[in-house]
1. Lys and Arg at +1, Asp and Glu at -1: add these up for the other residues within a Cβ distance under 10 Å of GLU111 and post the number.
2. Based on DSSP, what percent of beta bridges with both residues in the chain are antiparallel, to the nearest 5?
3. Net charge near ALA47: determine it from the other residues with C-beta under 14 Å of the C-beta of ALA47, scoring Lys and Arg +1 and Asp and Glu -1.
4. I'd like the Karplus ³J(HN,Hα) series for the range 27-43: coefficients 6.51, -1.76, 1.60, θ = phi - 60°, whole numbers in Hz, and an x wherever there's a Gly or Pro.
5. Tabulate in residue order the Karplus-calculated ³J(HN,Hα) for the range 80-96, using 6.51 cos²θ - 1.76 cosθ + 1.60 with θ = phi - 60°, rounded to whole Hz; enter x for Gly and Pro.
6. Could you pull out every Cys in the chain that lacks a partner Cys with its beta carbon under 4.7 Å away?
Amino acid sequence: MHELSIMDSAMNMALAQAREAGATRIHEIRLRVGALSGVVPEALQFAFEALAPGTLAESAKLRMDSVPARFWCEACQAEFAADDFLAACPHCQTISRHLRAGRELELASLEIE
Ligand SMILES: [Zn+2]
């Protein structure tokens with residue numbers, strides 16, 4: 001499962017940060033999930049629940065903040081938001097191939113104790 005390896009690395013990063021900060025517990029893990037990252041939030045949650053037991057994040061909540069996809073239109077020299085890979089500029093209807101944001105999946109922040 002794709003999400004399991006993603007969650008595994010996000011979790012390792014979170015645990016490393018928490019340990020470095022001398023935390024005894026992680027309350028909340030926040031992830032930024034791009035609209036086009038291809039990740040299924042339910043699968044990510046499932047992976048989290050499978051990985052968390054026995055770690056500092058055992059009782060942590062997983063929060064996923066969705067990041068909308070943004071494209072760049074060459075013709076208009078402007079950015080626009082879309083939620084599909086085949087995105088047409090709302091002004092000139094040109095299909096943009098320049099994805100600027102929306103594929104990321106990263107650790108946003110941690111709430112620790
Ligand atoms: Zn345009």
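None of the figures in this text is laboratory data; all of them are computed from the coordinates on show. The structure presented is a predicted model; accordingly, all values stated were derived computationally and were not measured. Ideal geometry is used to build each Cβ from the backbone, glycine not excepted, and the neighbour counts take in all protein chains shown.
1. +2
2. 70
3. -4
4. After applying 6.51 cos²θ - 1.76 cosθ + 1.60, I find 7, 8, 10, 10, 10, 9, 10, x, 4, 10, 6, x, 9, 8, x, 5, 5 Hz.
5. Karplus values, whole Hz, x for Gly and Pro: 9, 9, 7, 10, 9, 6, 9, 9, 9, 4, x, 8, 10, 6, 6, 6, 8.
6. When partners are defined as cysteine Cβ atoms under 4.7 Å apart, the chain leaves CYS92 without one.
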